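The structure appears right after this line, and notes come after that.
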Amino acid sequence: MELFHISAECYPAAKVGGLADVVGALPKYQSTEGHDVRVVIPAYDTKFINENEFECVHWSHVKLGNFNFPFSVHKEKTDKLGFELYVIAIQELFDRKEVYGYEDDIERFVSFQIATLDWILGRREIPDVINCHDHHTGLIPFMMLYAHKYQKLKNIPTVLTIHSGLYQGIFGFNKLYYLPEFDLAHVGVLEWGNAINSLAVGIKCASAVTTVSPNYLNEINHSSNGLESLFNMVRQKSKGILNGIDEKVWNPATDKVLVSNYTIDTIENGKQKNKEKLCDIFDLDPSKPLFSFIGRLLEEKGADLLPQASALALAEHLNEINILILGSGNETIETELNQLLPDYKGNYNTFIGYNEDLAHLIFAGSDFLLMPSRVEPCGLNQMYALRYGTIPVVRRTGGLKDTVIDFEDGGNGICHEQTSVTDICTSIRRALKMYEDKKTLNKIRKSGMQIDHSWSSVCKEYIEVYNLIIKRNES
Ligand code: GLC
């Protein structure tokens, strides 16, 4: 079938978080299964988009209320990502370095959605399914159903995949005129909480809704920033599908970034070599267990607890542990993390920023990966960690609950219940105990490495959803 994925991010073209990893991998595996897959993202000013060759396949103007922006659609020439990548260039709105965080994000993403549909409308072929991702593409199913100019697209089934229910793309009805003319009898569909809520609109209008883990689907029925009752209403058309990981990109046996590649049989030696390299870079002690955190420094990730939890753990076990933090985000958290540096030199370090290669080395060289998330719709890092023989230390929430089972219950990780400094420190104490018992440690590492989180198996679940909504639309 011909599939379109429309998203704000796609690795390696534009990445902020896990959304990019999923949109960079799932389409690739769907392609391998024989589907025609196209991914559409905005043309940001990123390294990948600047350095690769694209050909222009369409150009026109996008109308956003009274504004008119020229836009063009460019296809990456070689399909090197394993699918067709299209970037939509909208002058003035997307030729910027960052993906999000601008005052005109609403104008940017509404224009992106309109430009994408204008282009799809003008194509000769009609896709079989359009898979939208997160609120940045939530208005698409609505516009396809009700905007006069997209009536030709009305019968294409749509899926909205929710990677995060926290961000909803909310804006006032004073911007209603941004949308292409539609049947006003349906204006109520746009409303949630007295505003236009892009995520809610997508949830209402998509033929099916998927979340990135089964447990997250259960959780959002009780807690989803005001959308609880809506999720309950659409339960029938919703499904939680656990993300996979790209096992070609995340494989310790072939990963080019590592100083030593390893498999289950060579894990001890392999991990130690990578750890030595990391400890060398960050002035840490390779003979001690290394706890790392990789990710956005945001409250939703529980990163606000890290400064205090690290300080307490280091004070209690100074001669026994290393802690390394890689990430950026909230400036207060960044500052608080850096303030610990002078006191714990030799045991603690940070890298404020993001560096994909460094992330690979940290997964390989660390013993434990901390994920104290408040909210984690799926979480990919715990799966990368398992694949690299690194033991995830997680709060039981969202997808973490689906993928990490405590070692005392026969699993491969360490789990706690509360988003609290106390719980993180208790888990660190348990991890240290496990670390002393090398036999158990290695057994758990090895069995973690063997878990299959590949996209190949997950892919089928998406295709099942697509088939179901295609059939439903036909009948
Ligand atoms: C978002 C979520 C994360 C999920 C990722 C990919 O970043 O916060 O939990 O793994 O999307 O779906």
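The values are calculated or read from the model by the stated rules, or taken from the named source; none is laboratory data. Here the structure is a predicted model, which is why all the values come from computation and not from measurement. Please note: Cβ atoms are built from the backbone with ideal geometry, for glycine as well, and neighbour counts cover all protein chains shown. Heads up: the accessible areas ignore ligands, DNA and RNA and are worked out on the full protein's heavy atoms, side chains in. Shrake-Rupley method; radii C 1.70, N 1.55, O 1.52, S 1.80 Å.
If the requirement is being within 16 Å of the ligand (Cβ to nearest atom) and either of a type in the set (Phe, Trp, Tyr) or out of contact with any Ser or Thr (no Cβ under 9 Å at 6 or more places or on another chain) (or both), which of these qualifies: 65, 101, 17, 34? Give the derivation first.
Numbers: 65 fails: within 16 Å of the ligand (Cβ to nearest atom); 17 fails: either of a type in the set (Phe, Trp, Tyr) or out of contact with any Ser or Thr (no Cβ under 9 Å at 6 or more places or on another chain) (or both); 34 fails: within 16 Å of the ligand (Cβ to nearest atom).
Result of the check over 65, 101, 17, 34: 101.
Here are some conditions: (1) open to solvent by 10 Å² or more (accessible area, probe 1.4 Å); (2) part of a strand (DSSP E or B); (3) touching a residue at least 60 places away in the same chain (Cβ under 8 Å). Residue 55 meets all but one. Which one does it not meet?
(3)
State whether one or more residues within the stretch 403-411 are at pLDDT 95 or above and under 17 Å from residue 245 (Cα atoms).
Checking the stretch 403-411: at least one residue is at pLDDT 95 or above and under 17 Å from residue 245 (Cα atoms).
Which residues, taken from the stretch 33-53, are among the charged types (D, E, K, R) and under 18 Å from residue 458 (Cα atoms)?
Initially, the stretch 33-53 is screened for residues among the charged types (D, E, K, R), giving 33, 36, 38, 45, 47, 51, 53.
The answer is 33, 36.
Select the strands (runs of 3 or more DSSP E) contained entirely in the stretch 119-234, then report the ones holding at least 1 residues which are away from the ligand (no atom under 16 Å from the Cβ) and of a type in the set (Ser, Thr, Tyr). Show your work before the answer.
Numbers: elements: 129-133, 158-162, 195-197, 208-211.
Because the criterion is at least 1 residues that are away from the ligand (no atom under 16 Å from the Cβ) and of a type in the set (Ser, Thr, Tyr), the strands (runs of 3 or more DSSP E) in the stretch 119-234 that meet it are 158-162.
Determine whether residue 14 is at pLDDT 95 or above and under 18 Å from residue 356 (Cβ atoms). Working first, answer last.
Details: at pLDDT 95 or above: yes; under 18 Å from residue 356 (Cβ atoms): yes.
So residue 14 passes the test.
Would you mind finding the one in 403, 422 that is assigned by TED's automatic domain parsing to the domain that holds residue 271, in contact with a helix residue (DSSP H, G or I) (Cβ under 7 Å, 6 or more places away or on another chain) and β-branched (Val, Ile, Thr)?
On the way: 422 fails: in contact with a helix residue (DSSP H, G or I) (Cβ under 7 Å, 6 or more places away or on another chain).
That would be 403, the only listed residue that is assigned by TED's automatic domain parsing to the domain that holds residue 271, in contact with a helix residue (DSSP H, G or I) (Cβ under 7 Å, 6 or more places away or on another chain) and β-branched (Val, Ile, Thr).
Show the residue pairs meeting these rules: Cβ distance below 6 Å; 6+ apart or different chains; first residue within the stretch 130-145 and in the same structural domain as residue 163 (by TED's automatic domain parsing) and among the charged types (D, E, K, R); second residue within 14 Å of the ligand (Cβ to nearest atom) and open to solvent by 10 Å² or more (accessible area, probe 1.4 Å).
Going by the 6 Å Cβ cut-off, the qualifying pairs are 134/163.
Does the stretch 207-259 hold any residues that are open to solvent by less than 20 Å² (accessible area, probe 1.4 Å) and over 24 Å from residue 468 (Cβ atoms), and which are they?
245, 246, 250, 252, 255, 258
Restricting the search to the stretch 87-104, which residues are crowded, with 17+ Cβ neighbours inside 10 Å and either out of contact with any Pro (no Cβ under 6 Å at 6 or more places or on another chain) or not hydrophobic (A, V, I, L, M, F, W, C) (or both)? Working first, answer last.
First pass over the stretch 87-104, keeping only residues crowded, with 17+ Cβ neighbours inside 10 Å: 87-90, 93-94, 99.
87, 89, 90, 93, 99 - these are the residues of the stretch 87-104 that are crowded, with 17+ Cβ neighbours inside 10 Å and either out of contact with any Pro (no Cβ under 6 Å at 6 or more places or on another chain) or not hydrophobic (A, V, I, L, M, F, W, C) (or both).
Being outside any helix (DSSP H, G or I) and more than 29 Å from the chain's Cα centre (by Cα) is the filter; apply it to the stretch 300-320 and report the residue that is nearest to the ligand (Cβ to nearest atom). So that I can check it myself, show each step before the final result.
Taking the stretch 300-320 first, the residues outside any helix (DSSP H, G or I) are 302, 318-320.
Still in the running and more than 29 Å from the chain's Cα centre (by Cα): 318-320.
On the way: 318: 32, 319: 35, 320: 31 Å.
Here the residue is 320.
Taking strands (runs of 3 or more DSSP E) that fall entirely within the stretch 321-371, which contain at least 3 residues that are open to solvent by less than 20 Å² (accessible area, probe 1.4 Å)? Lay out the reasoning, then the answer.
Values: elements: 322-327, 348-352, 368-371.
In the stretch 321-371, the matching strands (runs of 3 or more DSSP E) lie at 322-327, 368-371.
For the stretch 382-402, what are the residues that are in contact with a strand residue (DSSP E or B) (Cβ under 8 Å, 6 or more places away or on another chain) and open to solvent by less than 30 Å² (accessible area, probe 1.4 Å)?
Within the stretch 382-402, 382, 383, 384, 385, 386, 390, 391, 392, 393, 394, 400 qualify.
Quick one: residue 376 ticks every box in (1) closer than 26 Å to residue 442 by Cα; (2) surrounded by 21 or more Cβ atoms within 10 Å (Cβ to Cβ); (3) within 16 Å of the ligand (Cβ to nearest atom) except a single one, so which number is it?
(1)
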